[in-house]
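Below is one structure, written out as structure tokens; comments come after it.
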Amino acid sequence: MAPLPEHVLIRPLGSADIDQVVRLESYTLPSNERAGREKMRYRLHAAPELCSGMFVRVPTKKGRCSKRDGPRSPRSRSSDSSASNTSTASSSSKKLIAFVVATKCAGEYLTDDALAIPDIDRIGYRKPNEVNEQRGHVETGNTIAIDSICVDPEYQGMKLGTTLLRDFVQRMSTQSVAGRVALLARDDMVPFYENLGFYDAGPSNVKFGGGGWHNLWMSLEDGEIDD
Ligand SMILES: CC(C)(COP(=O)(O)OP(=O)(O)OC[C@H]1O[C@@H](n2cnc3c(N)ncnc32)[C@H](O)[C@@H]1OP(=O)(O)O)[C@@H](O)C(=O)NCCC(=O)NCCS
């Protein structure tokens, strides 16, 4: 397996990472397959624990990593411990090179409703009606719906997508977040996901991006993730 780039870090994504996520999506996916800023903002806000990013440290002009990225003294750690745990602090000097963004859905596979944003009332609550209950992130859902996975073209083919997805599935399995993971894939991508242990359940009804998707899924309850 190709070695990971130096200084790679994987961590959950949050609302503060929105600019990097949107930018990476914009030069990785064709325009009809992008979620765009509004949906990404919703997903990062609704389910940050289901979103994962891979970062590399950006070298300074002198070709060295920023001093801020080096080991912290106990003093600096205690003085900004809350900031260092937030996305804002750690994303400022690191470049996002890959991400997985997911939400939970009520059914077994992704639907156009699962990929939509729910109607929200003036104080931020989901408007209660049957259709709206199925839209976007459904906290009680038993399926983690991977809405998108992207690797910076400069870093593609280095097994980063494989590494990030394995890490994601392992974490979701350990944390018992849901019983299964599902995603949508084009024909040519099905083998990539099958190699990771996903099953192809056949054509999806989803119209997003012009349709033509396969439903892929994996149980999180079997306790085994393929190497
Ligand atoms: C698809 C993607 C996430 C894969 O990440 P990656 O880091 O480049 O992939 P890896 O290096 O882990 O590749 C693992 C295997 O999948 C294969 N693979 C990767 N991308 C592929 C593609 N687009 N089509 C077919 N096979 C692909 C690789 O050839 C490799 O096979 P090998 O083990 O036989 O060499 C990344 O290429 C990407 O972001 N593509 C554009 C966005 C996209 O298509 N996202 C997925 C939407 S379903």
Exercise for review: Compare the peptides 141-150, 117-126 by average per-residue count of other Cβ atoms within 10 angstrom and give them in order, highest first.
Suggested key: 141-150, 117-126
Point to revise | Volume per residue of the C-alpha convex hull in the stretch 85-227, rounded to whole Å³ | key: 149 Å³
Revision key, fill the gap. Zone reached by a paramagnetic label modelled 7 Å from Lys207 Cα along Cα→Cβ, restricted to the stretch 176-199 with backbone N below 20 Å, covers 184-186
Review point. What full-extension length gain, to one decimal in nm, is calculated for His45 and Arg171 as 0.36 nm per residue of separation minus the Cα-Cα distance?
Key: 43.4 nm
Check your understanding: Under 5 Å between amide H atoms, partner at least 5 residues away or on a different chain: which partners does Trp213 have, H built in plane at 1.01 Å?
Key -> Ser204
Review point. In terms of Cα to Cα distance under 15 Å, which aspartates and glutamates are near enough to Lys95, apart from those fewer than 8 places away along the same chain?
Key: Glu6, Asp17, Asp19, Glu25, Asp69, Asp152, Glu154
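Which length gain, in nm to one decimal place, applies between Asp200 and Ser219 when the Cα-Cα distance is subtracted from 0.36 nm times their residue separation? Intermediate results must be reported in sequence, preceding the final value.
Numbers: separation 19, 0.36 × 19 = 6.84 nm, distance 1.24 nm.
That pair, Asp200 and Ser219, stretches by 5.6 nm at full extension.
Provide the gained length on full extension for the span Phe192 to Lys95, in nm with one decimal, where the gain is 0.36 nm per separating residue minus the Cα-Cα distance.
Values: separation 97, 0.36 × 97 = 34.92 nm, distance 2.50 nm.
Stretched fully, the Phe192-Lys95 segment lengthens by 32.4 nm.
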Exercise for review: For the stretch 22-36, take each phi angle, set θ = phi - 60°, evaluate the Karplus expression 6.51 cos²θ - 1.76 cosθ + 1.60, and give the result in whole Hz per residue in order, putting x for glycine and proline.
Suggested key: 5, 5, 5, 4, 5, 10, 10, 10, x, 4, 6, 10, 7, 6, x
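A short reminder: the numbers here are calculations on the coordinates, not readings from a lab. Remember, predicted model here, so these are calculated numbers, not experimental data. Note that we place each Cβ from the backbone using ideal geometry, even for glycine, and neighbour counts take in every protein chain shown.
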